[in-house]
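Here is the structure we will look at, set down as structure tokens.
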Amino acid sequence: MTSIESLESRFREGGALVVSRHDFKRDGLVISAAIPDSSLTKLARGLRDDGYTLLDVSVLEAKEGFLVTYHFDDFNEPGRVALRVLAEKEDPAVPSLCSIFEGAQWHERESSDFYGVVFFGNTNPIPLILPDDFSGPPPLRKDDQDLAALSSLGLFGKPQILDPSWEALVNPPQAEDKA
Amino acid sequence: MSGLNFINPFGVREDPGSLVGDFYTDNFSKSARPDTVILNLGPQHPSTHGVLRILAELDGEYIIRAEPVLGYLHRMHEKMGEVKTPWQFIPNMGRVDYLHPIAWNWAYVGAVERLAGIEVPKRAEYLRLISCELNRIASHLMWWGAFVMDLGGVTPILYAFEEREKINDILQIVTGSRLTLSYFRFGGVSTDADDRFIKLTKDFVPYLRERLKMYKALVTDNVILRRRLEGIGPMGVDLCQRYGATGPILRAAGLASDTRKDVPYGVYKSFDFPIPSGPTNDCMGRYLVRLAEVESSLTLVEEAIRDLPDGPIKIDKAPKANYKLPAGETYFAVEGARGQVGVHLVSDGGVRPYRIKLRAPGFSNLSLFAEAAQGTLLADAIAILGSLDLVIPDGDRYGSAWGGRGTLDWPLGGASQK
């Protein structure tokens, strides 16, 4: 495993919006970073060069949009790492990781099927799990009244907020009032 | 003839305006060479063990390109996870990978326990380990029989089933079922082991060790089998990394990576057990790794049943039906028979989880097939496919990645071999 310190500084240099350290025993993660979509391929390539593999792509729908979470792990010295990209609510789209991890193609197609997130640059963007003639909204999307705010989901461990616009996404409003 | 729009029965588009097959065939044949044949294997082909479909572009007997088509066994477990309470969702976990359901039990229950901060009593931890390892042995035996059957040897699966029945008899005592096991509960397990469970388990270990010797003499050393497997379908660590392949595929590639050892959960830390890896990264290597893992699991079962402590099998205040998970996110992974099984769980503090993502090892393992099959003989591609140990509901997981390789598929496979 690349040391947490070096991952953290790399995420910071890579333009991370929020970097969080986690308690592995509770969160199952060592470190996570919310990043702008323009940094995604560069940071993912760095992880690949360090021996990390892409475990899965997990989409989380929230009030603010679609939080696409990429989980990485190192075969040699495990320590799970997550990169998160927030795609906007209308027409969500993020860059594809196909050119870095070939295995990303299926994960991304699956996420497209279920959430309607577009991964631009995917090498075979056809339905994977759903039938090709499926019509209707993506099946894992929630109704608007069921959506939670990102700040209420406890995603960010011990966060260091590097971009002020994420302050409201990370910290629940009540906490700010008390402060 | 000039007025007819001729369609080659093998699926080659001779007229670009014609549509052959369905959406996937059509999409696949867009980039086909004019002198090749598109072959559609499955979704009901016996060597795909269930409902996996593969499109292959063939030049003679050689595969130019192959592409798996998924979704025929998709059951939307993730959606069910969001509309059921955690307690109600446990039975689903027996149905993702029906050959190693205990691993999925563990991954989900473990994720909930991690989020809720629940500690499991010692005796329950031991029972979890014993049942998980017995189940792993059953899964590997089932794979072994079905794999050899893919290659044309019909007899071994009958032996595999005999041993598997014995394991089912043992697990039935505590779980109450034989296929879709739902044994784990939050904070423990559902049923305590009785004397019969302990005796049958203790008897089973030396029994299977003897049988493994016979398997080696009858099957592993068989020259026909070796010629079908040696040097076929090499998969290196780099390939595994690019596709996220784990489990026996990664270990055969030479990396002794195993979640039980690397990120110990349960009581695996208290046991010293070997993680077989190598010696070769071809089909034979994956075959040998799985058989070695059976022996490794036998060691674990033997030691755990010997040291089985007394005590409760569940915590007193175990979460009940209307339990509210604390808000937060967690990821919990265990080592299943096919590789790393992961559950990504997000809760907003309500009665039902906000989001559940299941990471099925068979999904990632199958995704490398297109690359691994390129340029191989069709018959070798079947060996490569078999060596991935797919269970289609696991791959489809939603069905599990090739969750496909199951008892339910077996009668079909057997009939086809006539």
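What follows is calculated from the coordinates using simple rules that are stated; it is not laboratory data. Just so it is clear, the structure is predicted and the values come from calculations on it, not from any experiment. Glycine also receives a Cβ, built like all others from the backbone with ideal geometry; neighbour counts cover every protein chain displayed.
A few points about this structure:
- Taking chain A as a Gaussian network of alpha-carbon nodes connected by springs under 10 Å, the highest mean-square fluctuation of the residues A:I126, A:I161, A:I31 belongs to A:I126.
- Over the range B:57-173, relative contact order from alpha-carbon pairs under 8 Å, at least 6 apart, %: 16
- Inter-part distance where the range B:147-199 and the range B:292-318 are each reduced to a Cα centre, Å: 15
- Positive-end residue of A:L86, A:I4, A:F101, charge dipole of chain A with Cβ unit charges: A:I4
- C-alpha center-to-center spacing [the range A:1-25, the range B:230-283] in angstrom: 27
- Between 0 and 90°, nearest 10: helix B:122-150 axis offset from chain B longest Cα axis: 20
- Simple point charges give the picture: +1 on the Cβ of Lys and Arg, -1 on the Cβ of Asp and Glu, and for the protein assembly as shown a dipole about the Cα centre of about 1380 debye.
- Applying both filters, DSSP loop and at most 13 other Cβ atoms within 10 Å, to the GluC sites (Glu not before Pro) of the range B:47-139 gives B:E61, B:E119.
- MRE, 222 nm, helices only [DSSP H, n ≥ 4, -39500 (n - 2.57), over chain B, to nearest 500]: -13500 deg cm²/dmol
- Euclidean distance between Cα centres, the range A:38-64 to the range B:23-37, Å: 32
- Cα gyration tensor category, rounded, prolate or oblate, for the range B:66-140 with a/c compared to 1.5: oblate
- In the frame of its principal axes, chain B has Cα extents of 82, 53, 37 Å, reported largest first.
- Between B:I224 and A:A168, the FRET efficiency from the beta-carbon distance, with R0 = 56 Å, is close to 0.25.
- In percent, rounded to a whole number, the relative contact order of chain B is 25, using alpha-carbon pairs under 8 Å and six or more apart.
- Rounded to the nearest 20, the Cβ-based charge dipole of the range B:268-388 about its Cα centre (Lys and Arg +1, Asp and Glu -1) stands at 760 debye.
- Between A:P173, A:A62, A:N122, the Cα set farthest toward the positive side of the dipole of the range A:4-178 (charges on each charged residue's Cβ, about the Cα centre) is that of A:P173.
- DSSP bridge orientation in the range B:77-416 - percent antiparallel, rounded to nearest 5: 95
- Prolate/oblate/rounded call for the range A:4-178, Cα gyration tensor, a/c under 1.5 rounded: oblate
- Shown here for the range A:72-124: trypsin sites (Lys or Arg not before Pro) in loop regions (DSSP other than H, G, I, E, B) with at most 14 other Cβ atoms within 10 Å, namely A:K89.
- Dipole magnitude (debye, nearest 20) for the range B:77-416, charges at Cβ of Lys, Arg, Asp, Glu: 540
- Shape category assigned to the protein assembly as shown from the gyration tensor of Cα positions, a/c cut at 1.5: oblate
- Degrees, to the nearest 10: B:156-175 long Cα axis against longest axis of chain B: 30
- Residues A:I4, B:I305, B:I137, B:I224, sorted so that the one with the fewest Cβ neighbours within 10 Å comes first: B:I224, A:I4, B:I305, B:I137
- Model label points for B:D203 and A:S3, set 7 angstrom from Cα along the Cα-to-Cβ axis, are 5.8 nm apart.
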